[in-house]
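Written out below as structure tokens is the structure these notes cover.
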Amino acid sequence: MPFENADAHLSVQVRQDERQKYYFITNYTDNKQIALFKDSYTEMLSGNSLNGSTTLEPYQVIVATKD
């Protein structure tokens, strides 16, 4: 699990190829949720670093890889 505060509101699905793992993190609520990342990850679409506290908007999906 890429973040510390895993609960029923955030879903993580992992896919991998021969090079790396891809984490699909989804907020299935109509409220903002906070994910506390254990390590450094990169959001695939924006290239932004995900480490520490990251807020997911309602129904937001983040696709990340571990740095």
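Annotations for the structure displayed:
- The loop-placed chymotrypsin sites (Phe, Trp or Tyr not before Pro) in the chain, going by DSSP, that have at most 11 neighbouring Cβ atoms within 10 Å of their Cβ come out as TYR59.
- Dipole magnitude (debye, nearest 20) for the chain, charges at Cβ of Lys, Arg, Asp, Glu: 100
- Dipole orientation for the chain: of the candidates VAL14, LEU36, ASN48, VAL14 has the Cα lying most toward the positive pole (charges on Cβ; Lys, Arg +1; Asp, Glu -1).
- Under 5 Å, built H, 5+ apart or other chain: amide partners of GLN60: ASN27
- Of ASP30, ASP39, ASP17, the one that fluctuates the most in a GNM where the chain has Cα springs shorter than 10 Å: ASP17
- Debye intensity ratio I(q)/I(0), log10, the chain, q values 0.16, 0.19, 0.22 Å⁻¹ (C-alpha model): -0.47, -0.66, -0.89
- Approximating the spin labels as points 7 Å out from Cα along Cα→Cβ, the ARG15-to-SER49 distance works out to 2.7 nm.
- Cut-off 15 Å between beta-carbons: net charge of the residues surrounding VAL61, Lys and Arg +1, Asp and Glu -1: -1
- Taking trypsin sites (Lys or Arg not before Pro) across the chain, the ones in a DSSP loop with at most 14 further Cβ atoms lying within 10 angstrom of their Cβ are ARG19, LYS32.
- Taking θ as phi - 60° and the Karplus parameters 6.51, -1.76 and 1.60, the scalar couplings of the stretch 47-57 work out to x, 6, 7, 10, 8, x, 8, 10, 8, 9, 5 Hz in sequence order, x denoting glycine and proline.
- Rounded to whole numbers, the Karplus 3J(HN,Hα) couplings from phi for the stretch 32-43 are 5, 10, 10, 10, 9, 6, 6, 10, 8, 10, 10, 6 Hz, using 6.51 cos²θ - 1.76 cosθ + 1.60 with θ = phi - 60°, and x at Gly and Pro.
- Solvent-accessible area per residue, Å², over the chain with all protein chains present [probe radius 1.4 Å]: 64
- GluC sites (Glu not before Pro) restricted to the chain and DSSP loop, no more than 12 other C-beta within 10 Å: GLU4, GLU18
The values are calculated or read from the model by the stated rules, or taken from the named source; none is laboratory data. Computed from a predicted structure; not experimentally measured. Counting neighbours? That spans all protein chains shown, and the Cβs are built from the backbone with ideal geometry, glycine included. We work out accessible area using only protein heavy atoms, side chains counted, and drop any ligands, DNA or RNA first. Shrake-Rupley method; radii C 1.70, N 1.55, O 1.52, S 1.80 Å.
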